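Asker: So that we are looking at the same thing, I have put the structure below in structure tokens.
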Amino acid sequence: MNSPIIQACKVAKTFIVSRGLFKGKQTLQAVNDVSISVEPQSVLGLVGESGCGKSTLARMLLGLESPSSGDVLLNGKPVSGFDQKTLAKQVQPIFQDPFSSLNPRKVISSIISLPLRVQGIGTRTGWRTQVEEMMELVGLPRRLASSYPSQLSGGQRQRVAIARALIMRPDVVICDEPTSALDVSVQAQILNLLLDLRSELGLTYILISHNLAVVEHIATRVAVMYLGRIVEEADTQMLFTKPGHPYTQALLQSVLTPEPQLDIPDTHLGTTFPNPLEPPSGCAFHPRCASRKPICSEQAPSKVSLRNGSVQCHLFNDANGSSG
């Protein structure tokens, strides 16, 4: 087993939010006691409903937010000990909307070469060469180097964002919903490009997505997040064929199928998402869980190690981690 390239060790993040003019302020626990380990050249898929803490965790892994507690480690060293430029050489993001993440007043060659210029790496001639090589690598014609983002299609803009993220050859790329803003016909092209680049450049990805089909296609391992916690983690094939946590099962049941005789699936989760400012007692998922027990409302479940991962659920509380 390889040493993890990036880790989150019991990280938590709290925010102080206002509840209104006369209601004062309250603490929001966005991420709660999360631990993940990502091996080199693997792809960790991070899934869950909107508001579960995925993007906040990503910002901590990027060094853009400091954990309220716990540590983020890169190659075994706390990222808090890195200055921002050093960390950016090794960890880069690809954001959800390529149009809003690209400067509309800059041409494509300037956008892609920006990390090199900020880091003071190379010369103007070298920048031009590296930009041309990277554009070819991500499938962009060189003639687009003098174009502006508004002159490109959505898929081309995302390729620009990928080229900018990879221009310094980082070790880890954190992809926050990299295809959700694209047409379905373009999504597969971008996903296949990411897989090809991973193989060619030896990249490690953390893929944040609510699209389970995307995660199944690209991830080697999946972590399921609910209300700030990792409730299940396993290899992709195992998680999709034999999900353990009731929430994971509900997510998989929500995926639409192409079979015409099947209606829109019912996840049995209801229509109301729990209020993160007033999380339920015990297991946070218990108000929506069809398999809940009395203990679920009283006590938060501890992590149970399984043969191929882990799960936090009272259904898995016996000695060997099998369902009870």
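The values are calculated or read from the model by the stated rules, or taken from the named source; none is laboratory data. Bear in mind that the values here come from a model prediction, so they are computed numbers and not experimental data. Cβ atoms come from the backbone with ideal geometry, glycine included; neighbour counts cover every protein chain shown. The area values use the complete protein model at the heavy-atom level, side chains included, leaving out ligands, DNA and RNA. Shrake-Rupley method; radii C 1.70, N 1.55, O 1.52, S 1.80 Å.
Asker: Can you tell me which residue is least open to solvent (accessible area, probe 1.4 Å) among those in the stretch 2-22 that are under 19 Å from Lys303 (Cβ atoms) and out of contact with any helix residue (DSSP H, G or I) (no Cβ under 7 Å at 6 or more places or on another chain)?
Answerer: Among those that are under 19 Å from Lys303 (Cβ atoms) and out of contact with any helix residue (DSSP H, G or I) (no Cβ under 7 Å at 6 or more places or on another chain), it is Ala12.
Asker: Next question. Of all residues in the stretch 101-131, count the ones that are in contact (Cβ under 8 Å) with a residue 40 or more places away in the chain and within 18 Å of Lys89 (Cα to Cα).
Answerer: The total comes to 8.
Asker: What is the number of the single condition among (1) farther than 30 Å from Ser50 by Cβ; (2) of a type outside the set (Lys, Arg); (3) open to solvent by 10 Å² or more (accessible area, probe 1.4 Å); (4) in a helix (DSSP H, G or I) that Val131 does not meet?
Answerer: All conditions are met except number (3).
Asker: So for the stretch 249-267 (the condition being under 28 Å from Phe15 (Cβ atoms), modelled with pLDDT of 90 or more and among the polar types (S, T, N, Q)), does at least one residue qualify?
Answerer: Scanning the stretch 249-267 turns up no residue that is under 28 Å from Phe15 (Cβ atoms), modelled with pLDDT of 90 or more and among the polar types (S, T, N, Q).
Asker: Scan the stretch 59-66 and tell me whether some residue there is in a loop (DSSP other than H, G, I, E, B), open to solvent by less than 30 Å² (accessible area, probe 1.4 Å) and either under 30 Å from Gln253 (Cα atoms) or at pLDDT 95 or above (or both).
Answerer: No; the residues of the stretch 59-66 include none that is in a loop (DSSP other than H, G, I, E, B), open to solvent by less than 30 Å² (accessible area, probe 1.4 Å) and either under 30 Å from Gln253 (Cα atoms) or at pLDDT 95 or above (or both).
Asker: I'd like to know if the stretch 206-224 contains one or more residues that are at pLDDT below 95 and among the polar types (S, T, N, Q).
Answerer: Filtering the stretch 206-224 down to residues at pLDDT below 95 leaves 208-218.
If we keep only those that are among the polar types (S, T, N, Q) too, we end up with 209, 211.
Among the residues of the stretch 206-224, at least one is at pLDDT below 95 and among the polar types (S, T, N, Q), which makes the answer yes.
Asker: Kindly provide the set of residues from the stretch 77-92 that are in contact (Cβ under 8 Å) with a residue 24 or more places away in the chain and either open to solvent by less than 50 Å² (accessible area, probe 1.4 Å) or in contact with a Lys or Arg (Cβ under 7 Å, 6 or more places away or on another chain) (or both), ordered by number.
Answerer: Within the stretch 77-92, Leu87, Ala88, Gln90, Val91, Gln92 qualify.
Asker: Does at least one position in the stretch 220-239 carry a residue that is within 30 Å of Leu140 (Cα to Cα) and out of contact with any Leu (no Cβ under 7 Å at 6 or more places or on another chain)?
Answerer: For the stretch 220-239, residues within 30 Å of Leu140 (Cα to Cα) and out of contact with any Leu (no Cβ under 7 Å at 6 or more places or on another chain): present.
Asker: Let me ask something else. Filter the stretch 42-52 down to the residues that are among the small types (Gly, Ala, Ser) and open to solvent by 10 Å² or more (accessible area, probe 1.4 Å), then identify the one that is farthest from Thr220 (Cα to Cα).
Answerer: Restricting to residues being among the small types (Gly, Ala, Ser) and open to solvent by 10 Å² or more (accessible area, probe 1.4 Å), the top hit is Gly51.
Asker: Name the residues in the stretch 289-319 that are in a helix (DSSP H, G or I) and either without any contact (Cβ under 8 Å) to a residue 24 or more places away in the chain or hydrophobic (A, V, I, L, M, F, W, C) (or both), would you?
Answerer: Hits for the stretch 289-319 are Pro294, Ile295, Cys296, Ser297, Leu315, Phe316.
Asker: Quick one: count up the residues across the stretch 200-233 that are on the phi > 0 side of the Ramachandran plot and surrounded by 23 or more Cβ atoms within 10 Å (Cβ to Cβ). So that I can check it myself, show each step before the final result.
Answerer: Going residue by residue through the stretch 200-233, those that are on the phi > 0 side of the Ramachandran plot are 202, 227-228.
Add one more test, that the residue is surrounded by 23 or more Cβ atoms within 10 Å (Cβ to Cβ), and what stays is 227-228.
Residues flagged as on the phi > 0 side of the Ramachandran plot and surrounded by 23 or more Cβ atoms within 10 Å (Cβ to Cβ) within the stretch 200-233 amount to 2.
Asker: Something else about it: Please tell me if Lys106 is at pLDDT 90 or above, open to solvent by 60 Å² or more (accessible area, probe 1.4 Å) and more than 26 Å from Ser3 (Cβ to Cβ).
Answerer: On the way: at pLDDT 90 or above: yes; open to solvent by 60 Å² or more (accessible area, probe 1.4 Å): yes; more than 26 Å from Ser3 (Cβ to Cβ): yes.
Criteria met by Lys106.
Asker: Taking the condition touching a residue at least 40 places away in the same chain (Cβ under 8 Å), farther than 27 Å from Phe99 by Cβ and not in a helix (DSSP H, G or I), does Val173 pass?
Answerer: In short, no.
Asker: Could you identify the single residue in Ala163, Ala181 that is aliphatic (A, V, I, L, M), assigned to a helix (DSSP H, G or I) and either open to solvent by 20 Å² or more (accessible area, probe 1.4 Å) or within 21 Å of Thr204 (Cβ to Cβ) (or both)? Before you say what the answer is, go through the steps one by one.
Answerer: On the way: Ala181 fails: assigned to a helix (DSSP H, G or I).
None of the other options fit; the residue is Ala163.
Asker: A further question follows. Just to check your reading of the model, which residue among Leu191, Leu197 is among the aliphatic types (A, V, I, L, M), surrounded by fewer than 23 Cβ atoms within 10 Å (Cβ to Cβ) and under 25 Å from Val118 (Cα atoms)?
Answerer: One residue alone meets the criteria, Leu197.
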